[in-house]
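Here is the structure we will look at.
Every number here is computed from the coordinates shown, using simple stated rules; none is lab data. Please read all numbers here as calculations on a predicted model, not as lab measurements. In this analysis, Cβ positions are derived from the backbone assuming ideal geometry, glycine residues included, and neighbour counts consider all displayed protein chains.
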Amino acid sequence: MKSLKKRLVNLIMIILVTFIMLLFSEFIIRLLYKDSMVLFPRYHTDVKYGEFTIRRVRPNMKYIHRSIDGNFDFVSNNKGFRNEEDIEYPKSDDEIRILCIGDSNILGYEVKQSQVITTVIKDLHEKNQKPYKITVINTGVSGTGTAEQLVFLKNEGFKYKPDYVVLGFFKNDFRNNQISKLYKVESDSLVVDNLTYAPGTKIQNFIYKFKIVKFLGENSYLYAFAFNTVWEGVANIRYKKAWERVANIRYKKASEKEKVESAEYVLETRKIFSNYDILLMKKLIEDMYSFCQKIDAPLIIIDFPEVDLSSSILPELVNDFRDNSDTLFYANDLKEDFLSLPKVHVKNGYRHVSEETHHLFANKIINFIDSD
C-alpha cells in the first residue's frame, strides 16, 4: 500500500515538474521570439480527386492565424474551401462562378476572411448591383504548386462549372512543382509521373483528433516552434531529393553548370533556375490553359509580386504566361498600383501579400469580368 502511494506521489511530481518546465519553455520562447514567430497552424488533410491523392484544407474548420501583424480568422466549408457557405456542383442559370486556385497567397494566409480576394470580389459585385448572381470559390492550399493546382482543376475544380478560373502564381511554385513530382516532361510533352502527393497529412489526421492540439497550434509558441522546425526540415529534405532527381535523372541533357547550380541552391531561395524548371512550368501553364479552353472558362493569372515588387514570373516565361491566359495581371506592369498601396506585403510574419493587395487584384478581376 505504501509502495503504491509512493509511486502515485512520484508520478504526480513528474507530471507537475514536466508541466512547469513546459510553461517555463513557453515563457522563454515568447520572450525571445514573439515578435518574429507566427502561430500559423497547418490544417491539411488528404483527399482523392479522380486517380490522384493530394492535399486540401481540412473541411468545416474555424481557426485563427496569429502574428505581430494581427489575428486572421479562417473558415473552411464542407470541401475545405475558404468559403463560409457550402457549394455544390450544380449552379443556377443566372449564376456566374469564379474558381480561384493557388497557394497561400490566394488562400490569404495573413488576410482576414472578410478581406480575402474571393470575399472582396463578391462584395464588389453586390455593390455594383449586377443582374446575375456571383459565386467565388477559394480553393487555395498553402504549400502547393502549379502541378497540384492543375490536378485539382482537371479532376475536381471543373465539376463546379466555373465561368472563370483565376490562378494565383508565386515564384515558389517552381520549387513545389519539383517536390510533388506529379508531372514530368518527356519528349517535350507533359505526362503524369505520380498519383499521390499528400505530405504530412497522415500525422495531421491523427493529431487533430485531439482538440488540445488545435488549441496549442493557435496559442502556443513552444508548439509552433517545434512543429515548424520539424516541418521545414522535412520539406528541405524533400526539396533536396527532388533537385537531385532532376539534375541526375530526368534532365540528363543538363549541362554540368546547371547540375552544380541545382545542388548548390536546394536549401535556399534560388536566383538561378534550371532549364528543366522553366520547361516544366511552361508545360504546366500550357496544359492548364488548354483545359480551361475545353471547359470554356477564361483563365485569369495573377502574378503575385515578390517583396521587392518584382514579378514572380521568370523573364523567359512571360510570353508563355501571356499566350496561355486570357488576361495576365503582370506584376512588372503594376508597379504604380503597388506603390499607391499602404503595404503590398504584410510587414512581418511570413510576408504574404496584404489585404490591400487582395483588394487591388479583386478590383481588377471584377472589372475584367464586367467588361468580358
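Observations
- Amide H contacts of residue 310 (H built 1.01 Å from N, under 5 Å, at least 5 apart or other chain): none
- For residue 310, the shell of other residues with beta-carbons less than 11 Å away shows a net charge of -1, using +1 for Lys and Arg and -1 for Asp and Glu.
- Amide H contacts of residue 83 (H built 1.01 Å from N, under 5 Å, at least 5 apart or other chain): 77
- Aspartates and glutamates with Cα under 19 Å of residue 335, excluding same-chain neighbours fewer than 8 positions away: 303, 306, 308, 355, 356
- Taking every Cα-Cα distance in the range 38-371 and sorting them into 10 Å bins from zero, the calculated P(r) comes out as 5, 26, 36, 25, 7, 1 percent.
- Residue by residue, the range 171-182 carries 3J(HN,Hα) couplings of 4, 6, 4, 4, 4, 5, 5, 5, 5, 5, 6, 6 Hz when phi is fed to the Karplus relation 6.51 cos²θ - 1.76 cosθ + 1.60 (θ = phi - 60°); x denotes Gly or Pro.
- Centroid-to-centroid separation of the range 136-186 and the range 63-128 [C-alpha atoms, Å]: 17
- Between residue 212 and residue 15, the modelled labels are 1.0 nm apart [label points 7 Å from Cα along Cα→Cβ].
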